[in-house]
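**Q** Attaching a single structure in structure tokens format; questions to follow.
The values are calculated or read from the model by the stated rules, or taken from the named source; none is laboratory data. Here the structure is a predicted model, which is why all the values come from computation and not from measurement. Glycine also receives a Cβ, built like all others from the backbone with ideal geometry; neighbour counts cover every protein chain displayed. Please note that ligands, DNA and RNA were not included when accessible areas were found on the heavy atoms of the full protein model with its side chains. Shrake-Rupley method; radii C 1.70, N 1.55, O 1.52, S 1.80 Å.
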Amino acid sequence: MSDESRISRTNVYTPTSLAELLSLYDKLPSALLFSGGTHILRAQRHKHLVLPANVINISKVQEMRRINRTERHLDIGAAVPIGTILSVGANVLPKVLSAALAEIASPAVRNRATMGGNICIAERRMSTYPVYLLLDMQLELRKEGTVRWTPLNRFAASGERLDLGRGEVLTRIRIPFAAWDVEVYRKIDRELESPENFLAFCGLARVQRNVIADIRFSFGTAGTLILRSREAENELIGRRVPISDRDAQPIFEIMDDLTAQNQNLLSGFQRGRIRALLRWFFSRLVEE
Amino acid sequence: MNIAFTLNGKSVVVNVEPEKRLVDILRENFSITSAKAGCYSGECGACSVLFDGALACSCMLPAFAVRGGEVLTIEGFEGSEEHAEIIKAFGDAGYRPCSYCASARILAVEALLRTNPQPDEREVLIGLSGISCQCAGYTSLVKAVALAVEARKSKRRVRRE
Amino acid sequence: MSPRDGRFINDYYVEGALSGIVVRSSVENAEILSLSYHSLPRGVTLITADEIPGENLLGVGSASMPLLADKRVRYRGEPILLLCGPDEGELELFASTIEIRFDSAPPLSFLHPEQEQIVLSKEVVVGEPQAQMSQAFQVVEGEYSTAAQEHFVSDAQGAVAIPEEEDRLRIYVPTQWPFHVVRTVARAVGLPERSITVHIPHMSAHKDSRIWYPSLVAAHAALLARASGKSVKLILPKDDAIRTTPRRAPSRILVRTALDKDGVPTAHDVQVSFDGGSYPLLAAEILERGMLAAAGPYRSAHVRIRGQVVATSLPPTGAFIGLGLAQGFFAAETHASRIAELSQADPFTWKQANLITRGDLLAGFATPSDLPPETLLSRVAEISDFKRKHAAYEMLKKRRETIEERGYPLRGIGISVAYQGSDFLEHYEEADNSSVIVRLDADGRLTVRTSAVSIDGAAEGVWKETAGKTLGIETERIEVLPPDTSQSPDSGPSTFSRNVTVVNTLIARACQTIARKRFRAALPIEVKRSFAPARLGRFSLDLGGGEPFASLSWGAAVVETEVDAITFESQVRGIWMTVACGRIYDDAAARKTIENGIFHGLWWCASNHGSSREPRVYTLPPITIDFLDAAGRPTPGGIEELAGNVIPSAYVSAVAQATGRYFDTLPITPELIYHYTEDM
């Protein structure tokens, strides 16, 4: 147990504006940023919570509680609860995003958990990650005096270390709108409860006159391993649907190579499921 | 730390450690034991309350996060028309959760119907999925919620007329 | 259903009570080398095995376990020391600074046990099984295994102990066996039994997880209360409760069946092995039931059944629902389906033809008084359209070449039949004199006193109706006093089936006596009736005689599944059950009990080994439950175990048909299905 015990009382700060938050965090960069707190609290299964000396409750920061929509993208404040995103965005959210968000934990947890919190879990990529990735999610990161935008894959590029500077806060999430003809999402098992069996899959495709105009697909696995192959995607663009066995074969080979490189992280069973999911995605390309 | 919030419609102030969980505040400071302290990790759902109108696990709400919020437990919900409708629907459907999880289930049904007035079977099961007590059947749950939906629809119809 | 209907153990807030916590072993099978900690915080009391004033022992029958590990730990999670103090948070912090050093040995193996691990073995031979085997037209052999299943109990495992004047202790603890708590606590703290009073708080559905385990928790709370001189509330954290509450005993069962040329079984040779965990407290009970069930519900005049219980490094195993019946029936029924398949018969036809009927022996023992109704299997086959679906899925199975072949869903259907018995088979000295007291007052009110615990009021309704009918009294005028060991007679361990059979019979008898006396003697009349040990003694597995159970309930199930060729998960498409259990008092409650049993059984079938996560149900398979007419049997029978006894083998047979692979183990995880079908 850490030294921040019940004896040294926790100080909680509750800024209501972004400016206030950034200035506070600049002074207390080791403070814990707390919004829904679901991930932090889930890890403490005893009656008595242990929190660090300083906690900044960001759930009242107005700028981070908003959802904005333009013609080209959707902006979601990092402290908006997932339950709210689902109800407000019911007709706006990309289908795969709704599907992925709706499968997080239980309604009570979704009402507290936020998208910002979901993205900022460093030790593993959550079930939503493949969807975020394929939708080209951009993140707004702010600290006192500066603001920068970064694509999600760069933010989470180095394993368990996120690209967050000292005093820097994820404030806003931008999801560009794009039209896809095929959108599929599938989550198998739960990442926190049975990580060894967990898989998340997202596949997107644009098909024009039975020819694949654009396609992306990605698998999330336990830990920080995300499988996506641009090579496989490029190989498929321009191919006809339904995808013939001949066209599919090289894609399976690429993916098999990729999973084989990560044998220590993926059991034979998981690799079998990855192949089966991919085959299923290809079969869906026929139906659309 | 002084925490002011609304509990079952009344303004209250309580002096507690900021990290004390709402479920324990309810039980120890207000003697409201209908919210059960189970897993302390948001998994069993026995501590469910409505927080700012939405279903929440009260074990997942530290005191500081409750400040200024509105908490509704079964004690505050009892006596309302909606509560009576749900109880009647449970009875008519033969749905009998045990008294350990009954309040959580009643509140979860209320929360579900507030956001989704006509849930299908899957939505009902998902809506109640956060409460893991194994006491009651699923078939009668689905039936009970369907009856509650009907009751609310006919009430709305009567009001319109 | 009001949440204020009753207080659960965690709802007891006693003025000035200290919090208690249990410090547990982090390893399995190890010697404790040393135990060290900094000075105790103020107001904190610490107890190790050395500080127990009485006996460091919890016993059931002749088996026992220590209350606190003394020099040696046998399972991960075994209690080593107890702490209490005014602030639970501080206790948790202090506990985390206690250093315990172990010298670990490898865990004890179930599959390859050393001789000294065999804590119990039994053998029964009826007829001439060996001769039948050697003359058989065909012998079918199979090995079946099941994994442990953990309890998921909603309300806390815990206890509150309150020291009172004159060296007395008052204990609140959710238990199915209040007098077992009295005896265990008295022995632990070194007080006479009359100084201990046990009260029962409200409890949620428990799947028999509270037979002896609460006695351990209560003894811990009592030891702390005696040592500190203050009231102590001990609530186990959820994870500890799941990890250490007695789980369903893993099993490995070999079945050999001799068949004549028509495929009719002529003899059974069964070898049953149970993993009893580190302290096999209910070993004999589990083993005997497992042995009876593994011989199957089919006629069998020539039987050899051998059984053993192996001590391992698992946390203690326990009653669960069924006490070994579910494991035994899983083997017997999966085996029967296998025989049917080898005989080219559909399993319904085979099972129907060979199911026990009048004049047959059941596993070599006396013909049971409660036989399965003739329609038990035929009705479940009819409502599920079993024969047609089974034939259709057989065709699909044969046509299919690869698992992902499109257009051919991977579907299968299975059928199974089993019974559940009432009461315990074994004699427990402690349970032999189960009694109830019934009193009719001058104002016409009737009071029933029993220590039997009626969870959620289910059995209480049955008792009231029995008493009311016998005496012609409205049930509103009948009161069943809450179990309290200072007022109630010892009614032994409570399970739903024992409550509605043994305890209900005692109440009926007491009421009959009152009915005879009421117009001759002055009111009030008080009558005590006890269960005579002689009646319990008529069955003996070792001697191979008698009727095992006083009454039987029967169930049959059909399960239809579809295996998802992407996730390798098996989705249940439909469940049908017929139940013959005598009189149903409350249809909705009975349906709820069966449905819960179905989901619980499915959870055992499909969850990962040792998973303590409760299943989430997002899609509901259609469930049809048909209670067969009970006209011939006015008394009620237990039903809580039935689904668990029939669902698993029906499920496994369904998955086997869906995949075309032979499964003989539980659980069937998606990973297992993947590996079995990899070569398809």
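**Q** Going Cα to Cα from A:K143, which lysines come in below 26 Å? Please leave out same-chain ones fewer than 8 positions away.
**A** Within the straight-line limit of under 26 Å, A:K143 reaches these lysines: A:K27, A:K60.
**Q** Can I ask one more? If you consider only alpha-carbon coordinates, what radius of gyration and Dmax does chain A have, in Å?
**A** 20.3, 69
**Q** Further question on the same structure: Using the structure shown, list the pairs from C:K233/C:K528; B:K36/C:K464; C:K351/C:K464 with a Cα-Cα distance above 32 Å, or answer none.
**A** Beyond 32 Å between Cα atoms: C:K233/C:K528; C:K351/C:K464.
**Q** Once the mean 1/r over all distinct Cα pairs of chain C is inverted, what Kirkwood radius in angstroms do you read off?
**A** After inverting the mean inverse Cα-Cα distance, the result is 26.3 Å.
**Q** 5 Å is the cut-off here: which amide hydrogens, built 1.01 Å from N in the peptide plane, fall below it relative to A:L74, excluding neighbours closer than 5 in sequence?
**A** A:I175, A:F177
**Q** When the Karplus curve 6.51 cos²θ - 1.76 cosθ + 1.60 is applied with θ = phi - 60°, which whole-Hz ³J(HN,Hα) does each residue of segment B:5-17 get, with x for Gly and Pro?
**A** 7, 9, 10, 6, x, 10, 6, 9, 10, 9, 9, 9, 4
**Q** A drop of at least 40 square angstrom in accessible area, chain alone versus all protein chains together, probe 1.4 Å. Which residues of segment B:121-151 meet that?
**A** Relative to the lone chain, where solvent access is computed with a 1.4 Å probe, segment B:121-151 loses at least 40 Å² at B:R122, B:L125, B:I126, B:S129, B:S132, B:Q134, B:C135, B:Y138, B:T139.
**Q** Okay, next question. Return the long-range amide H neighbours of C:Q571 (sequence gap of 5 or more, or a different chain), with a cut-off of under 5 Å between placed amide H atoms.
**A** Residues meeting the criterion, in which the H sits 1.01 Å from N, are C:E562, C:V563, C:D564.
**Q** Whole number in Å², please: accessible area per residue of segment C:283-428, 1.4 Å probe, ligands, DNA and RNA not counted.
**A** Normalised by residue count, the accessible surface of segment C:283-428 is 31 Å².
**Q** What is the Cα radius of gyration of segment C:94-206 over 2.2 N^0.38 Å, N being its residue count?
**A** Rounded to two decimals, the normalised Rg is 1.83.
**Q** Can you show me the helix-derived [θ] at 222 nm for chain C, built from DSSP H runs with n ≥ 4 at -39,500 (n - 2.57) apiece and divided by the number of residues, rounded to the nearest 500.
**A** Helix-only estimate at 222 nm: -8500 deg cm²/dmol.
**Q** Can I ask one more? Would you mind computing the Rg to Rh ratio of segment B:1-147 from its alpha-carbon coordinates, Kirkwood style for Rh?
**A** 0.97
**Q** To continue, here is another question. Residue by residue, what Karplus-based ³J(HN,Hα) values in Hz, rounded to whole numbers, does segment C:243-254 have, using 6.51, -1.76 and 1.60 with θ = phi - 60° and x for Gly and Pro?
**A** So the J values, rounded to whole Hz, are 5, 10, 5, x, 9, 5, 5, x, 9, 9, 10, 9.
**Q** Give me the net charge for the shell around A:I82: Cβ to Cβ below 12 angstrom, other residues only, Lys and Arg +1, Asp and Glu -1.
**A** Combined, the nearby Lys, Arg, Asp and Glu give +1.
**Q** What does the charge add up to near C:P201, with Lys and Arg as +1, Asp and Glu as -1, over the other residues with Cβ less than 9 Å from its Cβ?
**A** Once all neighbours under 9 Å are counted, the net charge is -1.
**Q** Related question: Quick check of the Kirkwood formula: for segment A:170-259, what is the inverse mean of 1/r over all pairs of different Cα atoms, in Å?
**A** Averaging 1/r across every pair of different Cα atoms and inverting gives 14.7 Å.
**Q** Rg and Dmax of segment A:1-114 over Cα atoms: what are they, in angstrom?
**A** Over segment A:1-114's Cα set, Rg and Dmax evaluate to 16.2, 52 Å.
**Q** Treating cross-link reach as a plain straight distance, find the lysines whose alpha-carbon is under 17 Å from the alpha-carbon of A:K187, omitting any fewer than eight places away in the same chain.
**A** A:K95
**Q** With only alpha-carbon atoms in the gyration tensor, what are the semi-axes of the equivalent ellipsoid for segment A:237-284, in Å, largest first?
**A** 22, 12, 7
**Q** Counting only protein heavy atoms and a 1.4 Å probe, tell me what percentage of the protein assembly as shown's accessible area is made up of carbon and sulfur.
**A** Taking all protein chains in place, the protein assembly as shown shows 47 percent carbon and sulfur surface.
**Q** Once the other residues with Cβ under 9 Å from the Cβ of A:Y185 are scored (Lys, Arg +1; Asp, Glu -1), what is the net sum?
**A** The answer is +1.
**Q** Would you please report the Å³ per residue occupied by the convex hull of the alpha carbon atoms in segment A:156-211?
**A** So the per-residue Cα hull volume is 159 Å³.
**Q** Here's another thing I want to ask about it. Kindly provide the helix-only [θ] at 222 nm of chain B, computed as the sum of -39,500 (n - 2.57) over DSSP H runs of four or more divided by all residues, to the nearest 500 deg cm²/dmol?
**A** -12000 deg cm²/dmol
**Q** Turning to a different aspect of this structure: In whole percent, what relative contact order does segment A:75-140 give with Cα contacts below 8 Å and a gap of six or more residues?
**A** With pairs under 8 Å counted, the relative contact order is 41 percent.
**Q** Next question, about the same structure. Give me the residues in segment C:134-159 whose solvent-accessible area, probe 1.4 Å, is reduced by at least 30 Å² once all protein chains are included instead of the chain isolated.
**A** Output list: C:F152, C:S154.
**Q** Would you mind listing how long the protein assembly as shown runs along its three principal axes, going by Cα atoms, in whole Å with the largest first?
**A** For the protein assembly as shown, the Cα extents along the three principal axes come out at 94, 77, 75 Å.
**Q** Any chance you could tell me what percent of the C-alpha pair distances in segment C:1-149 go past 23 Å?
**A** Summing the P(r) of segment C:1-149 above 23 Å gives 61 percent of all pairs.
**Q** If you don't mind, another one. Taking segment B:67-106 as the region of interest, what is the percent of Cα-Cα pairs per 10 angstrom bin, listed from the shortest bin to the one with the maximum distance?
**A** Whole-percent P(r) values from 0 Å outward: 27, 52, 17, 4.
**Q** Taking C:K71 as the anchor, which aspartates and glutamates have their alpha carbon closer than 12 Å to its alpha carbon, excluding any fewer than eight residues away along the same chain?
**A** Reachable aspartates and glutamates: C:E31, C:D50, C:D103.
**Q** Related question: Restricting to Cα atoms and excluding each atom paired with itself, what does the Kirkwood estimate give for segment A:51-163 in Å?
**A** The Cα-based Kirkwood calculation yields 15.0 Å.
**Q** Could you tell me the total accessible area buried at the B-C interface, probe 1.4 Å, in square angstrom to the nearest hundred?
**A** Buried: approximately 3200 Å² between C and B.
**Q** Considering only DSSP states other than H, G, I, E and B, which GluC sites (Glu not before Pro) in segment C:78-153 qualify as loop sites with at most 13 other Cβ atoms within 10 Å?
**A** C:E114
**Q** Using the Karplus equation 6.51 cos²θ - 1.76 cosθ + 1.60 (θ = phi - 60°), what ³J(HN,Hα) coupling, rounded to whole Hz, does each residue of segment C:328-344 give in order, writing x for Gly and Pro?
**A** Along segment C:328-344, the couplings run x, 5, 4, 5, 4, 7, 5, 5, 4, 5, 5, 4, 4, 4, 5, 8, 6 Hz.
**Q** May I ask for the accessible area buried between chains C and A, both sides summed, probe 1.4 Å, to the nearest 100 Å²?
**A** 2200
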